[in-house]
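Any read-out appearing in this document is the output of simple, stated calculations on the displayed coordinates, not a laboratory observation. Remember, predicted model here, so these are calculated numbers, not experimental data. Don't worry about glycine lacking a Cβ; one is built from the backbone with ideal geometry, like all the others, and counts go over all protein chains shown.
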Amino acid sequence: MTDEKVVAYIKKCLDAGRMAEAIDTSKVTGAPLSKEELNGYIRKYLENGWMQKAIDGAKAAGIELSKDVLSGYVNKYLENEKIYSAVDASRIIGMPLPKEKIAIIGKECLRKGKITSALEAYKIIKEKPPEEELIICGNICFKNGLLSDGLEAYKLANKTPPEDELVICGNMCFNIGQITPGLDAYKLANKTPVKEILRICGEACLLEKRTDDARKAFVAAQKVEEMNSSKTIQVREISLEELKNSKIDISSKGQKVCSDCGNRTDIKERYFEVSRCPETKEDEEELDKLMKIQHGIENFYVELDVLGNGRGLINSSICGNCASKDVVLISGDDMVYIEIKAGKK
Ligand SMILES: [Zn+2]
């Protein structure tokens with residue numbers, strides 16, 4: 001081996017925690033390996049939580065590691081929530097772990113949304129995490145966009161995650177380009193995300209070159225858009241012919257009369273198909289606006305759901321004699337017309 005290769009090999013052994021092998025190699029080849037360097041590696045092993053490797057290395061290097069130093073590291077692992085390292089190290093040096101301390105750490109982990117570490121801690125002390133702490137943990141996980149961790153916390157608490165928290169989680173997921181958990185969170189909340197946030201998610205995925213996820217996000221955005229457009233109200237004027245063809249019998253609706261001049265014979269009627277019937281006040285306002293802007297009509301009646309598929313029939317009447325818009329049915333008992341806007345000016 002060349003000197004260079006020997007040095008590289010020794011470094012490799014040291015990095016992997018095989019200090020005895022590194023020391024032997026140095027002795028055989030005469031490659032330098034200082035005590036300071038070995039000391040530095042032992043500290044590094046301890047920082048990493050490699051207690052056994054540190055003890056073995058120190059023995060091979062002839063460096064003394066006091067029990068105080070070692071137990072100090074066990075406490076350090078606990079403080080840094082390295083539960084596994086703490087348990088392992090405590091076993092190696094025969095130092096029992098303080099139960100109260102682990103309970104506190106478990107609770108702190110829950111408060112930080114670190115469900116896995118928290119469960120490790122509670123497992124060691126053979127206790128169940130408190131329900132209310134689990135819910136706090138779950139909500140923190142949701143806020144961080146960690147859906148499965150949040151769901152696990154709620155499951156352990158035997159509670160169903162609230163819709164609002166799921167939506168918060170979904171939005172966070174979308175913001176960080178996590179399309180699948182984002183969609184899952186919304187699905188669990190029985191809600192539909194807005195298309196804008198889905199596009200943001202798609203862009204985030206593209207930035208990270210995750211094209212499949214990006215496609216999934218953009219497809220979801222497209223679907224939301226289509227769903228919304230089928231929801232907006234559309235109005236189309238239909239002729240008398242078309243009305244007759246769609247089996248709507250206008251004659252049965254009763255005869256009309258102008259309230260202003262009493263004219264019954266010359267009533268100008270227009271009919272419109274409305275894509276869906278107004279359900280809310282906003283819908284009614286939208287329909288009013290559409291009728292006025294598109295057709296110049298301010299007074300009309302809507303007959304709900306008569307054209308099938310939720311479509312309604314709009315009827316607007318004007319007196320051919322005096323141009324009054326106050327045209328009413330002669331027979332008052334024919335209540336199929338539902339007035340949504342006052343006829344009188
Ligand atoms: Zn009239």
For the range 292-306 the number of residues that are touching a Ser or Thr at 6+ places or on another chain (Cβ under 6 Å) and of a type in the set (Phe, Trp, Tyr) is 1
For the structure I just gave you, tell me whether Thr192 is of a type in the set (Ser, Thr, Tyr) and in contact with a Phe, Trp or Tyr (Cβ under 7 Å, 6 or more places away or on another chain). yes
Residue satisfying all of: in the range 294-332; away from the ligand (no atom under 16 Å from the Cβ) and among the β-branched types (Val, Ile, Thr); nearest to Arg236 (Cα to Cα) among these: Ile314
